[in-house]
Amino acid sequence: MDPEENKTTVLEFILSSSSKSSLESTIFSFLSCPDSALFSNNFFFECLSPCDDNHYVKDQLIHRTLRRLLLLLESTKRCSRKQLTLHNSISWFLPPDLTIKVFSMLDTKSLMQVAACCTMFNKSAMEPLCYSHIDLTTAFAHADDGVVRTMIQRAGKELRSLKLGRPPHQNEYATVLLSAYCLAPLSPDMGFTGVRLRSLHLYSITWLNEMSLCTSLSACSNLFDLKIVEFNGSLELVLKSLARKCRLIEHLFLETSFGDDCVTTESTIDAFVTNCSNLTSLTLKDFYLNDQIARILVKGFRKLKYMNLSRTFGFDGSFLRSSCKNSLLETLILRDCSLKEREVLEFFNSLVAGNFRFIRYIDVSRKNGLICDGDTTSSEPNFPLEKLKKERPYFKLVAEFPTNVPREMSRYDYFFFASFDSCML
């Protein structure tokens with residue numbers, strides 16, 4: 001049978017149904033009209049318009065027709081989506097629970113694209129499990145506070161990890177639309193428990209201070225991975241909040257955007273070390289820490305393997321002389337700190353003597369060289385490299401210092417680099 005004849009037969013069957021309403025009959029009668037000159041060259045309105053050429057009546061008729069056709073168009077689109085959803089549900093080979101499981105493995109950007117495909121996929125993509133791992137770092141230029149809040153609310157108690165903002169070295173000129181208000185749903189006042197949130201990474205979030213961060217941390221008792229870049233708050237309050245609410249923390253990365261010169265008290269450090277004893281990785285950049293506080297951190301965390309105190313000011317390195325034969329520390333980065341040459345040399349001698357038995361990588365580079373007696377600096381410190389190499393063949397030392405001495409007195413033109421790495425980390 002010809003397809004057009006088949007369509008006509010089906011339409012005639014629908015029109016002959018006794019159960020249809022008068023409105024349905026009118027619509028089906030209209031749809032049964034052939035695509036002819038009836039709808040071209042204004043013939044349609046020429047037939048319907050009054051003969052007296054009343055422009056007001058014509059305008060009203062045109063506007064009324066447009067409204068009715070728009071309603072018919074929207075209704076047709078909804079019907080089309082339902083048909084496509086029915087088709088997808090029949091042809092899609094996975095049951096709903098497995099579909100949700102697959103969608104939960106997608107990154108956030110891909111999940112949004114899937115949700116826009118059809119109604120069936122959209123319904124599956126709205127399940128809380130699909131938002132258990134929210135990562136908008138690749139779409140930071142398009143995600144605002146409202147988008148993040150909606151996603152957090154959709155995830156609810158299923159939220160496991162949250163990564164927001166612009167990571168370093170990613171399109172530095174693009175504007176970040178997120179502020180501290182995007183974390184509002186994490187507050188206990190919003191009904192969020194956060195018991196399953198394990199990882200929180202925030203990059204360049206506007207107005208993120210210690211109060212907004214601590215409010216969010218108070219609801220995340222099982223957090224074990226926290227990373228904040230360009231933090232605008234006090235280290236003291238954050239460590240207090242972690243010691244009280246996040247005692248399972250294992251990885252901590254805090255980098256301030258302006259340089260925090262507030263003194264963190266020893267009592268706060270002691271409480272942090274005592275209550276967060278599972279810490280294995282610690283990074284604190286651009287904060288003020290004296291040698292006593294640094295000593296407490298090194299000796300207090302028995303499981304600590306990675307420590308980065310780059311650009312930290314307030315200590316000269318005397319904490320390195322502490323005897324830590326049983327320390328598990330493997331990586332120590334003290335880049336651009338105010339280290340004294342004498343203290344670093346004593347530290348390396350202690351390494352030769354057997355302290356820090358597990359250490360494999362140390363970075364003591366500084367733009368202006370190590371500090372010597374008085375106001376002078378040294379770009380060519382006399383480290384016991386041969387002894388270290390003999391005692392620890394797997395040890396790597398990085399010491400980059402721009403030269404600041406006259407050319408005839410320097411053995412290197414630009415920097416001194418000392419390293420031996422028979423085994424790379």
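Read the figures in this text as sums done on the coordinates, not as results from a lab. Note that the coordinates shown come from a computational prediction; the quantities given were computed from them, not determined experimentally. Here the Cβ positions follow ideal geometry from the backbone for every residue, glycine too, while neighbour counts run over all protein chains shown.
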Distance from segment 76-106 to segment 336-371 (C-alpha centre basis), Å: 60 Å
Across 10 Å bins from 0, what is the distribution of all Cα-Cα pair distances for segment 241-383, in whole percents? 12, 43, 35, 10, 1
With 10 angstrom as the radius, rank GLU266, GLU230, GLU330 by how many other C-beta atoms surround their C-beta, starting from the fewest. GLU266, GLU330, GLU230
Arranged by the count of other C-beta atoms within 10 angstrom, fewest first, what order do LEU183, LEU328, LEU235 take? LEU328, LEU235, LEU183
Can you give the FRET efficiency to the nearest 0.05 for ARG64 and CYS262, using r as the Cβ-Cβ distance and R₀ = 60 Å? 0.30
What full-extension length gain, to one decimal in nm, is calculated for ALA141 and TRP207 as 0.36 nm per residue of separation minus the Cα-Cα distance? 22.0 nm
Any idea how far apart SER110 and THR376 come out in nm if each label point goes 7 Å out from Cα toward Cβ? 6.0 nm
What FRET efficiency do you get for LYS303 and LEU71 if R0 is 60 Å and r is their Cβ-Cβ distance, rounded to the nearest 0.05? 0.35
Where a ≥ b ≥ c are the square roots of the eigenvalues of the C-alpha gyration tensor, would you call segment 130-269 rounded, which needs a/c under 1.5, or, failing that, prolate if a/b is larger than b/c, or oblate? oblate
Two-site label geometry, ALA353 and HIS87: point separation in nm, points 7 Å out along Cα→Cβ: 8.0 nm
Where does each of PHE301, PHE313, PHE258, PHE121 land when they are ranked from fewest to most other beta-carbon atoms within 10 angstrom? PHE258, PHE313, PHE121, PHE301
Cross-link list LYS109/LYS163; LYS303/LYS390; LYS227/LYS305: which exceed 19 angstrom alpha carbon to alpha carbon? LYS303/LYS390
Provide the FRET efficiency to the nearest 0.05 for the SER338-VAL102 pair, computing r from the beta carbons and using R0 = 56 Å. 0.60
